[in-house]
Structure formats: C-alpha cells, structure tokens
Amino acid sequence: MKLHGFDTVLRNLNTEIKKIKKRNTRGLLLALIELQRDMEPMIPLDEGNLRASFFITTKIPSGVESADFRGKNASELQTHHSAVVSQFRAQVQGEPEPTAIFGFTAFYAWYVHEMIGATFQRPNAEAKFMEKAIDRKINGMLKIIAEESKI
C-alpha cells in the first residue's frame, strides 16, 4: 500500500499549527492590553514614568515595549527600561510558544505597588493596582485568549 499526498497533508498541518501559535500569542497580547487598560487609572501618577514603564514582550514584536519617560531622570529610566525589556525579550525567545512577559521597569514599581494605606495625588490611584486589575480581569482575559485560540 502506498500513501499519496502525505507530504502535502503534513505541510498543511504544520502551517495550521503555526497559525494557532500566532493566534495564541495574539490572544495573550490582547488579554494583557486589556489588563493594562483596566489597571491604568489606578496607577499612581506623578510624572507618568511608572505608567510609561509598563511593557509586554512576546516572541512576536508587540510594540508594547517602548516608553515615553519625562522629567530629570527620563534618560536613566529609558536606559533601564530598554535593558530590562531586552533581557526579557531574550528570555522569552527561549520559551515555548505562546509566552508573554509583562510588568513595569521602573525600579520603584514594586515599592509603589505595595504602599498599602498611602494617599496618592491621582484620584483613583491605589496600592496593589496590578494585583487588583488581574483579580478583576482574569476571567475576561481567559475568554480573550480562548476566543483567539479557536480554529
């Protein structure tokens, strides 16, 4: 017995698997952008550098890796941001698809995030801004990822 067209079927299957991986990465990216939008009003704001330091990196360039820093430390923050994002971009390249790494590069991000009881200048700003946004958005984020993963 001889099989005809097996190479074509295998090639088409591999093409579809690559498309699914891209859709999964797209789903991760869209879910994390949704998280960022929800979190944004709660991020304490002085010059906007903490907010600007948010990044998302995947194997596929996302465009959510750049930052617009302001103030006297802008250059230092930009250099640090670029170094951290480059480090995570290199790390994600070695991970299986789909993979995304996200967070804040501002060296004080963790400290501000954990300032429970602090009063911030921005009206809706609060401690645990990322943690609370994840708690609020996790089901919606999973739904976005699932929708993007459908064949």
Number of positions in the range 67-94 that are out of contact with any Asp or Glu (no Cβ under 9 Å at 6 or more places or on another chain), among the β-branched types (Val, Ile, Thr) and closer than 14 Å to Phe54 by Cβ:
1
Here are some residues: Gln93, Gln87. Which one is in contact (Cβ under 8 Å) with a residue 12 or more places away in the chain, farther than 18 Å from Ile144 by Cα, among the polar types (S, T, N, Q) and surrounded by fewer than 20 Cβ atoms within 10 Å (Cβ to Cβ)?
Gln93
What's the number of the condition Phe88 fails, among (1) touching a Lys or Arg at 6+ places or on another chain (Cβ under 7 Å); (2) in a helix (DSSP H, G or I)?
(1)
Out of all the residues in the range 51-73, is one or more of a type outside the set (A, V, I, L, M, F, W, C), surrounded by fewer than 20 Cβ atoms within 10 Å (Cβ to Cβ), in a helix (DSSP H, G or I) and at negative phi?
no
Given (1) outside any loop (DSSP other than H, G, I, E, B); (2) surrounded by 12 or more Cβ atoms within 10 Å (Cβ to Cβ), identify the lone condition not met by Asp135.
(2)
Mind checking whether some residue in the range 13-25 is part of a loop (DSSP other than H, G, I, E, B) and either within 24 Å of Lys150 (Cα to Cα) or at pLDDT 85 or above (or both)?
no
Under the condition of being in a helix (DSSP H, G or I) and not small (Gly, Ala, Ser), which residue from the range 104-132 is surrounded by the fewest Cβ atoms within 10 Å (Cβ to Cβ)?
Tyr111
How about the range 91-103: which of its residues are part of a strand (DSSP E or B) and either of a type in the set (A, V, I, L, M) or within 19 Å of Asn24 (Cα to Cα) (or both)?
Ala100, Ile101, Phe102
I'm told Asp38 meets every condition in (1) surrounded by fewer than 16 Cβ atoms within 10 Å (Cβ to Cβ); (2) out of contact with any His (no Cβ under 8 Å at 6 or more places or on another chain); (3) not aromatic (Phe, Trp, Tyr) except one. Can you identify the failing condition by its number?
(1)
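The values are calculated or read from the model by the stated rules, or taken from the named source; none is laboratory data. Quick caveat: nothing in here was measured; it's all calculated off a predicted structure. Glycine gets a Cβ as well: all are built from the backbone with ideal geometry, and neighbour counts include every protein chain shown.
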